[in-house]
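FYI, it's all coordinate maths here, none of it is from the lab. On a predicted model such as this, the values are computed, not experimentally measured, just so you know. Methodologically, a virtual Cβ is constructed for each residue, glycine included, from the backbone with ideal geometry; neighbour enumeration extends over all protein chains shown.
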Amino acid sequence: MKIAAIDLDGTLLRSDSNLSEYSKNVLGKALDHDILFIPTSGRTFRSIMSKVGDVPGIRYTIGSNGTVITDCRDGKIIYDKKIALETSYAIYSYIRENGGFFCGYCGNDSYLEEVDVGILLATRLKQAISEDLLSTDIRVPDMGGLIKSGDMVFGKMFITFIDPADLAACVEWLGRFDDIVYGYSTPYTVEIFGKGSNKDIALDFLRRHLNIKKEDVIAIGDSENDLSMIRYAHIGAAVENGMDVLKEHADLIIASNDDDGPAHFLEEMMK
């Protein structure tokens, strides 16, 4: 094992959106043993580091659901997959017209409009997670104008609605686009990114970049958006609290995020 690609929310982080001291210690031990812990998350680089930045020795992050790889030493982006502007604007317009929440991910940061704050807090997403996500978002006054002008090109879009039925209707509407892929990151949120980008593709790029064999890669996750990297890794594990679709394809099921499942699994692997 040379790479441990681990999702954050619902996987490594507990339900209160924090990393336990036990997990920090185990991740530190793994890095001391030259095992690369790669946070592989739907979050941006800055949001990822707000959660795991005090674990010394993290070299790379895979953020925005596999659309961005960032070198932690200098914040330089070494891989960046974008969504077409026309598609981004069409989706943004649909969300605005139908009262949904829209957050766009560009480079190492995420952006939203002030109206989105109240919408997100009114959804069924846990308040601790909502407030945590909002804490690293950058507010902009006119997202549509930035998209149309080409000043903001997204690698990922994160959407939700107050009523889950409206989200389901949006997911059905998204089927008209042939240049994107999308999936549920929680039962109440959907992530959208350009076709040809995903956590497995970014993980493969980084593995090749580091000249590491595929059989030396493990991956751990909890949601539908982790499925590709779970199937890609030599060993793919799902936490007990994960979605059924993920557990059906995982090589094994480990303890839940609130029971520090990923850390216990890593510790056993190191033994």
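Brief remarks follow.
- Cα-centred dipole magnitude for the chain, charges only on beta-carbon of K, R (+1) and D, E (-1), debye, nearest 20: 820 debye
- Reach of residue 2 by Cα under 27 Å, taken over lysines that are not fewer than 8 positions away in the same chain: 24, 29, 51, 76, 81, 199, 213, 214, 247, 271
- Charge dipole (the stretch 85-194, unit charges on Cβ, about Cα centre) - positive-most of 93, 104, 181: 181
- Candidates per trypsin sites (Lys or Arg not before Pro) in the stretch 163-242, loop by DSSP, up to 15 other Cβ within 10 Å: 176, 195, 213
- As a length-normalised measure over Cα pairs under 8 Å and 6 or more apart, the relative contact order of the chain settles at 22 percent.
- Selected from 263, 69, 140, residue furthest toward positive end of dipole (the chain; charges at beta carbon): 69
- The convex hull of the Cα atoms of the chain, projected and averaged over all directions, covers 12.9 nm².
- Angle between the chain longest axis and helix 199-209 axis [Cα atoms, degrees, rounded to 10]: 50 degrees
- Computed label-point distance, nm, for sites residue 86 and residue 2 using a 7 Å Cα→Cβ extension: 4.3 nm
- Among 252, 121, 112, 31, the order by Cβ neighbours within 10 angstrom, fewest to most, reads 252, 121, 31, 112.
- Taking other C-beta atoms within 10 Å as the exposure proxy, 223, 20, 135, 93 rank 135, 93, 20, 223 from fewest upward.
- With a Förster radius of 30 Å applied to the beta-carbon distance between residue 169 and residue 25, the computed FRET efficiency rounds to 0.10.
- Simple Cβ-charge dipole of the stretch 85-194, Lys/Arg +1 and Asp/Glu -1, about Cα centre, in debye nearest 20: 140 debye
- Dipole in debye (nearest 20) - the stretch 45-147, about Cα centre, beta carbon charges: Lys, Arg +1; Asp, Glu -1: 380 debye
- A cut-off under 13 angstrom between Cβ atoms defines the neighbours of residue 181, and their net charge, with Lys, Arg +1 and Asp, Glu -1, is -1.
- Structure-based [θ]222 nm, the chain - -39500 (n - 2.57) summed over DSSP H runs of at least 4, per residue, nearest 500: -10500 deg cm²/dmol
- Paramagnetic reach from residue 213 in the stretch 220-235 [backbone N under 14 Å; point 7 Å along Cα→Cβ]: 234-235
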